[in-house]
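Derivation of every value follows stated rules applied to the coordinates shown; laboratory data play no part. Predicted, not measured: the structure shown is a model, and the values here were computed from it. Note that each Cβ is placed from the backbone with ideal geometry, even for glycine, and that neighbours are counted across all protein chains shown.
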Amino acid sequence: MYALIDYIGTQILLKEGKKVKIPFLDKKIGSKVLFENVLFFDDGKNKKIGNPYLKSFSFSGKIASHEKEKKVIVFKKKRRKGYQKKNGHQQQFTYVTVDKFSKPKTAKKTSAKTKAISKPKKVTKKEGDK
């Protein structure tokens, strides 16, 4: 079973019991995260595609750790001008362990009573009204 979700503008593939790397989330380690924007779900037998999201699906996980990516060196130079600038950047990210997937509960269909809609009364203009 796996699911494809949309989380803060990135599409992430979730698998049961696996660690997933997501953009940095400023919450404590061990706190729960809820993934609601499910784009695609496959349980091995059935495949469900959202339009754009599947409304009945949501998955949860626990924050395992916060870490940083490898440092990226940014070097700027303009030739023959004597301009050089060196910067570095380390992007933060969060590891989340995905909990066990649970199948969504199917909502029972109930017959809704239809109300009789009364037609609005026609208003006729009198000769004196404008």
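Quick notes on this one:
- Residue exposure sequence - 85, 70 - by fewest surrounding Cβ within 10 Å: 70, 85
- For the range 34-76, averaging the sequence separation of C-alpha pairs within contact (under 8 Å, six or more residues apart) and dividing by the residue count gives a relative contact order of 36 percent.
- Summary value for the range 2-98: 31 percent relative contact order, contacts being C-alpha pairs under 8 angstrom separated by 6+ residues.
- Cβ crowding within 10 Å ranks 60, 65 as 65, 60, fewest other Cβ atoms first.
- Put a dot 7 Å past the Cα of residue 56, heading toward its Cβ, do the same for residue 95, and the two dots end up 3.5 nm apart.
- Panel order for 66, 89, by other beta carbons found within 10 Å of each beta carbon, from fewest to most: 89, 66.
- Projecting label points 7 angstrom from Cα along Cα→Cβ for residue 13 and residue 68 puts them 3.0 nm apart.
- Amide H contacts under 5 Å for residue 24, placed H, 5+ residues apart: 94
- FRET efficiency, 1/(1 + (r/R0)^6) with R0 35 Å, evaluated for residue 83 and residue 24 via beta carbons: 0.60
- Local net charge near residue 85, Cβ-Cβ under 9 Å (Lys/Arg +1, Asp/Glu -1): +3
- The modelled label-to-label distance for the pair residue 31/residue 43, using points 7 Å beyond Cα in the direction of Cβ, is 3.1 nm.
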